[in-house]
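Every read-out reported here was derived from the displayed coordinates using simple, explicitly stated rules and does not represent laboratory data. Remember, it's a predicted structure, so these values are computed and weren't measured experimentally. Cβ: placed from backbone, ideal geometry, glycine included. Neighbour counts: every protein chain shown.
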Amino acid sequence: MRQIDYPDRAEQAEGLAASVADTLRAGIAAEGRASLALPGGTTPGLFLEALARQELDWAQVTVFPADERWVPADHPRSNAALIRRHLLRDEAVMAKLIDLYDGEPTPQAAAPGLSAHLAPHLPLTALVVGMGDDLHTASLFPGAPGIVQALSPDAPPLMAMEGPAPEREPRVSLTLPVLQAAGGAHLLIVGDSKRAALARALSMPEGTDPAEAPILGLLEHLTIHWAP
Ligand SMILES: O=C(O)[C@H](O)[C@@H](O)[C@H](O)[C@H](O)COP(=O)(O)O
């Protein structure tokens, strides 16, 4: 694990975009194609726009959210919509987006088919995730139903998950083995509360159950990008 602290969010966006683009270029050179999973939430917009300006063979890149709220692409909480709005533009307009929401009534009904659909794109060439103050990452929330299986080595690639109580928003999420296997894995966080949450995670005793703080299962694989 290593950490890069940037003076501001613009430099963070450019620095992370350059690193992810380098990994995608190497993946395309080696395999002829690349896959990239991206975070949702309120942080990634600036980074996604900086990534969209990177010159590479975007037509060979498949992108998808690392997790999705179970809403259609025109819903304000859609992570696919966030990617479509901030990444599929400029140089990256030709990238192929897999929208995890497929219209099935529930994430549980969709999860097996989605796992099969994503399998040809795994292992991920590159991964960027966010983190919550509760130390969740993707949609792997502390104590959520199914979290023990989602963190286990034999987890399927994607599972139906829930957001935190009381809403318990229906979601799907890539599982920990998929996140851990990514070629280049990055954590994108901003602000003092996320820095404090990260410090809390780093100070947790060896052997802390990742079901209590799911980011713990991924930390050693991550390059952490923080800005004020
Ligand atoms: O769908 C989601 O909500 C995300 O994938 C989630 O893991 C997000 O990255 C963190 O909750 C941080 O979100 P913010 O960027 O809004 O702080």
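Can you give the net charge of the other residues whose Cβ lies under 13 Å from the Cβ of G130, counting K and R as +1 and D and E as -1? Write down the numbers at each step before the final one.
On the way: positive: K194; negative: D67, D133, D134.
Spelling it out: positives minus negatives among the neighbours equals -2.
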Mean shadow area of the range 123-181 over all directions, Cα convex hull, nm²: 3.9
What length, rounded to one decimal in nm, is gained on full extension from A10 through to Q108, with 0.36 nm per residue of separation minus their alpha-carbon distance? 31.5 nm
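Just check the chain against the gyration tensor rule for me: Cα atoms, a ≥ b ≥ c as the square roots of the eigenvalues, rounded for a/c under 1.5, and otherwise prolate or oblate depending on whether a/b exceeds b/c. Please list the in-between numbers first.
Working: a/c = 1.44, a/b = 1.09, b/c = 1.32.
Because its axes are fairly even, with a/c under 1.5, the chain counts as rounded.
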On the first, second and third principal axes, largest extent first, how far apart are the outermost C-alpha atoms of the range 139-228 in Å? 33, 32, 24
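Can you check what the net charge comes to around A26, using other residues whose Cβ is under 15 Å from the Cβ of A26 (Lys, Arg +1; Asp, Glu -1)? Write out the running numbers ahead of the final one.
Values: positive: R25, R33; negative: D22, E31, E55, D57.
Once positives and negatives cancel, what remains is -2.
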Scattering profile of the range 23-124 at q = 0.15 Å⁻¹ [log10 I(q)/I(0), Debye over alpha-carbon scatterers]: -0.60
18 Å reach of a label modelled at T223, 7 Å along Cα-to-Cβ, counting backbone N of the range 102-140: 124-131
As an exercise, use a Förster radius of 30 Å and the Cβ-Cβ distance of A199 and D90 to find the FRET efficiency, rounded to the nearest 0.05. 0.25
Apply 1/(1 + (r/R0)^6) to the Cβ-Cβ distance of T42 and Q149, taking R0 = 35 Å, and write down the FRET efficiency to the nearest 0.05. 0.80
Which length gain, in nm to one decimal place, applies between D22 and E206 when the Cα-Cα distance is subtracted from 0.36 nm times their residue separation? 62.9 nm
How much FRET efficiency would the formula 1/(1 + (r/R0)^6) give for R168 and A116, where r is the Cβ-Cβ distance and R0 is 25 Å, rounded to 0.05? 0.45
Computed log₁₀ I(q)/I(0) - Debye formula, equal Cα scatterers, no solvent, the range 1-72, q 0.28 Å⁻¹: -1.30
Place a +1 charge on the Cβ of each Lys and Arg in the chain and a -1 charge on the Cβ of each Asp and Glu, then give the dipole magnitude about the Cα centre in debye, rounded to the nearest 20. 220
Suppose a student asked you for the relative contact order of the chain, using Cα pairs under 8 Å spaced at least 6 residues apart; what percent would you report? 25
